[in-house]
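The values are calculated or read from the model by the stated rules, or taken from the named source; none is laboratory data. Since the model is a prediction, treat every value here as computed from it, not as a measurement. Every residue, glycine as well, gets a Cβ built from its backbone with ideal geometry; the counts of neighbours run over all protein chains shown.
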Amino acid sequence: MSASLHELADEYVIGLLDEAESRDVERRMRDEPELEAAVLAARERFLEIDLTEKPAGLSDSAWTQIVDRLGESAGDDTVVPIGQARAKRAASGVPAYWKHVAQAGMAACLLLVVGLGWIASRPAPQFVAVLLDSGGEPQAVIEAYADDHVVVLPLENFAVPEGRTLQVWTKPNTPDAQPVSLGLMEQIRRLSLTGPDLPPPSQGQLYEITIEQEGGSPTGLPTGPIVGKGFAKTAI
Amino acid sequence: MSTHKSDGNAAGGIDHGGLLIRCAAGDRTALQSLFEAEAPRMKAVALRMLRREEAAEEAVQDAFIRIWRKAHQYEPGRGTALGWIYTVQRSIALNMLRSEKREISQAPEDIDAARELESEMQSADDILGRLDESKRLRFCLGQLEPARRKAVLLAYAYGLSHGEIAGRLASPLGTIKAWLRRSLSVLRECMQ
């Protein structure tokens, strides 16, 4: 590895780069494993300086204020399914982290359930949407239940490019509603997703699946190509 | 090598990586555990850089919001979880420091500034003393000539720029840049 790469990493970590230069390093780290490795090594090299700081007192309301602000992001942070996707990624790359994954799984499973047995025992869906691609071919069926969960039944084995993921969305039938993520689907399979609290599904409600970057759409709204979209109809 | 060191033992066996993963899964109790374990020390880091109580408090709150939102980006095996957490805190404090400098550009009413400057210089020396003698960082920083060591610490611990360090150490900017580059390279080799 070149010395200049190390120099850049060191200067970034100790804070000698300006904001624009720092952002540039952060961007490059995603595509340049050597730079990323140099930054991670530099970070660990100096970390002890921070870890040996004597703890300082916080205001009594600090935690409450943080919690209040977490709520602000509730609309665009569909953290639950993304967390599950994240845990899966960790598991595939680093087997030693199964312990973490199990812990994450326990939390995530409260909100996201995957399993045919479970699906089989559910009541009939309130609404069904058939998602069509741009050529009008059915790609998947979404069953929507009253308790905010949906079951995705893929009809086609569409290819998901490496490093990308499928993301399932709906747009509630309320004025000014924006598409809301119901969760990520890393591969084509039947699965059940429980999204955030939403108004009950209704006739004509939009559902769609898009291809997004790993970890889900960065904006919290659909950005990638649409695999299929369709509108909810009452299941008879 | 430091990257092999286990994560979080210093804080009573807390599994920071596991907590981050639970944060990514939307578990607020995990964020709260991180807050209880790390917020006071993170505030000390922010206070060291920003010097003002109120600013440090804000920086810690911002850091926890960012930790919550970005926890899914933490990758086990790519550096320690503590390294990730403190990088978030440092980056927030540094950005606040930079925008403060832009906006206030040396407010004259800050009479304490000179005194703080002295304490900052003194503290840069103290940092070495509190590092673990059995670890490489202390040994390797100790190998540097005092003024050069101070230059490195003023940057890392106080977020000072090349120009500010040159001012503090009353040396030409070019000299400081060369010192820093050389010192960082010495530290890299020494700590391998």
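All of (1) at pLDDT below 90; (2) in contact with a Ser or Thr (Cβ under 7 Å, 6 or more places away or on another chain); (3) of a type in the set (D, E, K, R) hold for residue B:75 with one exception: (2). Of all residues in region A:12-50, those satisfying the criterion of being facing another protein chain (nearest Cβ under 7 Å) and assigned to a helix (DSSP H, G or I) are A:14, A:19, A:40, A:41, A:43, A:44, A:45, A:46, A:47, A:48, A:49, A:50. Taking region B:49-107 as the range and being within 15 Å of the chain's Cα centre (by Cα), assigned to a helix (DSSP H, G or I) and among the basic types (Lys, Arg) as the test, the residues that pass are B:90, B:98.
Here B:1, B:49 are screened, and the one residue that is surrounded by fewer than 20 Cβ atoms within 10 Å (Cβ to Cβ) and either within 9 Å of another protein chain (Cβ to nearest Cβ) or modelled with pLDDT of 95 or more (or both) is B:1. Annotation: residue B:159 fulfils all but one of (1) surrounded by fewer than 22 Cβ atoms within 10 Å (Cβ to Cβ); (2) in contact (Cβ under 8 Å) with a residue 60 or more places away in the chain; (3) among the small types (Gly, Ala, Ser); the unmet one is (1).
Filter region A:137-188 down to the residues that are surrounded by fewer than 18 Cβ atoms within 10 Å (Cβ to Cβ) and part of a strand (DSSP E or B), then identify the one that is nearest to the chain's Cα centre (by Cα). Within region A:137-188, the match that is nearest to the chain's Cα centre (by Cα) is A:164. With the requirement that a residue be farther than 14 Å from residue B:176 by Cα, part of a helix (DSSP H, G or I) and within 16 Å of the chain's Cα centre (by Cα), what does region B:142-159 give you? B:156, B:157, B:158 - these are the residues of region B:142-159 that are farther than 14 Å from residue B:176 by Cα, part of a helix (DSSP H, G or I) and within 16 Å of the chain's Cα centre (by Cα).
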